[in-house]
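Asker: Quick one: structure below, then a few questions.
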Amino acid sequence: MEQSYGKLTHWLAFYLCKGLGVKTLLALAEKVPLENLVDLSYQQLLESGLNQQVATNLVATDWQLVAHYENLLFASDIEVISYFDSRYPPLLKQIASAPLLLFCRGDLALLASPQIAIVGSRNATPIGLEIAAQFAHQLSEANLTVTSGMALGIDGAAHKGALAGAGNTIAVLGTGVDVYYPKRHKLLTDQVLNCGLLVSEFLPGTAANANNFPRRNRIISGLSLGVLIVEAEIKSGSLITVRYALEQNKEVFAVPGSIKNPLSQASHFLIKQGAKLVENVSDILEEVSFFGQNSLYNIDEPVENKPECDVLKSVGFEVTPVDVIARRCQWSIEKVQTRLLDLELDDKVERVLDGYIKLGGN
């Protein structure tokens, strides 16, 4: 399973190396062929620009663990696409903290297809499920790929609607692509595998973990031209996907609902903020046809990953609990957790058992 840029063995070693992300590899690629990194000594890695901790981690690569995952990938027929691979989705490459590796099962050609993400509540109403499936069906018939997260509720309805149409759908998972989650979607997962594509940034065998799903959401929006939200509460995972979509300068579409339905709150809030109210698929196709030529949103440059970020300054090199970080920077815990996710994705902090620690060189 050779990659178009380097060997799978090398990419797995880089993936498993703490602190060695896309940005660091891009800088290193200007000085040394990446496939040669694993052959360099500690001192040569330092001279190439790596800091001491990352150089130590790379030299100490557990090659037995690398071989273990390589065997799992072969056994499960999982394709690995690195950031440097020509098949890596161009839109995803443009986002902040793009994943180094994508683990894929199914029709890889869908990665390069124009996509619309559909997200919403796990506890959607029957009418919400119907609307999501109908939009997905019509979008797929219009040669757009429907991308979602395989969760119960709206996600599942979106995948089912697309499968009933042209069949083009991508499920971005918060587990390994060889793991069935939720178990109630085992049949649906197999159907997507047969007609569409399963994608994850997590190694095979990775079980469901609450911290994985916000990371998954940035990929859902990153792959797509825009995000359609169907039934969601204000405080929900769907709004995390929308937040990423806005940061990525993607279009946001919202289906309105009854003011008496709590699941209409998110859509109505987003419409007030400038999202496009949609009543039929033509409203989406109209925007997608000239996507990139204009935008409803003016996105400020993100400041969360700058050294002077209040949250980053509040994290110590010792284990720092989230409530202590919130108290130090005088932010709400919810806002702090969102910012910590961004910092973690950018290799600025690391999540440990009782909180977070700041990584060296920050």
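The values are calculated or read from the model by the stated rules, or taken from the named source; none is laboratory data. Model, not experiment: these values are computed from the prediction. Cβ: placed from backbone, ideal geometry, glycine included. Neighbour counts: every protein chain shown. For the accessible areas, the whole protein counts, side chains as well, though only heavy atoms, and no ligand, DNA or RNA atoms are used. Shrake-Rupley method; radii C 1.70, N 1.55, O 1.52, S 1.80 Å.
Asker: Within the stretch 41-55, take every residue that is part of a helix (DSSP H, G or I) and of a type outside the set (A, V, I, L, M) and give me the one that is least open to solvent (accessible area, probe 1.4 Å).
Answerer: Ser48
Asker: Right, another one. Can you name every residue in the stretch 13-40 that is more than 15 Å from Asp347 (Cβ to Cβ), open to solvent by 60 Å² or more (accessible area, probe 1.4 Å) and under 27 Å from the mean Cα position of the chain (by Cα)?
Answerer: Within the stretch 13-40, Glu30, Glu35 meet the criteria.
Asker: Somewhere in the stretch 265-272, is a residue modelled with pLDDT of 90 or more, open to solvent by 60 Å² or more (accessible area, probe 1.4 Å) and more than 21 Å from Gly153 (Cα to Cα)?
Answerer: So far as the stretch 265-272 goes, yes, one or more of its residues are modelled with pLDDT of 90 or more, open to solvent by 60 Å² or more (accessible area, probe 1.4 Å) and more than 21 Å from Gly153 (Cα to Cα).
Asker: Can you give me the number of residues within the stretch 190-228 that are open to solvent by 30 Å² or more (accessible area, probe 1.4 Å), farther than 24 Å from Leu343 by Cα and either out of contact with any Gly (no Cβ under 7 Å at 6 or more places or on another chain) or hydroxyl-bearing (Ser, Thr, Tyr) (or both)?
Answerer: Selection size over the stretch 190-228: 3.
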